[in-house]
Amino acid sequence: MSASKYEAYEEEEVVEVVEEDGEDDEDGRDQDKPATKKQKKSLMQMNESSEMYGDLGRGKRVTVRAFQGRVGVDIREYYDKGGKMLPGKKGIWLTKDNFKSLLQYLPEIEEMVMSAPQ
């Protein structure tokens, strides 16, 4: 199991690229025929601050954000205040290096969690 498994993507979307001159391109493909590229559609959402986050359920979110000039991963509990979700005190901030370290452990963590009895 590789760390790339943990990319959060929901489905693939096909995008057509059409070139109009009708000539063969470098790879010998007729340019009149549209090329297709697969793009992955993200499960992440954008919050009011234009930060990308994933809803973990039960009031928890994982957010990619800048803090003190550094980009990292914030895993935090949120609470509802007047219809607006606000971050609580309980959570953890992971720098890029911390997050990279966590990724190396995910395959073993997943195996232990998924094989544990309910």
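Where a number appears in this text, it was derived from the coordinates with a stated rule and is not lab data. None of the values given here were measured: they were computed from a predicted structure. FYI the Cβ positions are ideal-geometry reconstructions off the backbone, even for glycines, and counts take in every protein chain you see.
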Loop GluC sites (Glu not before Pro), the range 34-100 (other Cβ atoms within 10 Å of the site Cβ: 11 or fewer; DSSP): Glu48
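In the range 45-84, which trypsin sites (Lys or Arg not before Pro) fall in coil by DSSP and have 15 or fewer other Cβ atoms within 10 Å? Show your work: numbers first, answer last.
Details: sites: Arg58, Lys60, Arg61, Arg65, Arg70, Arg76, Lys81, Lys84; in loops: Arg58.
Sites meeting the loop and neighbour criteria: Arg58.
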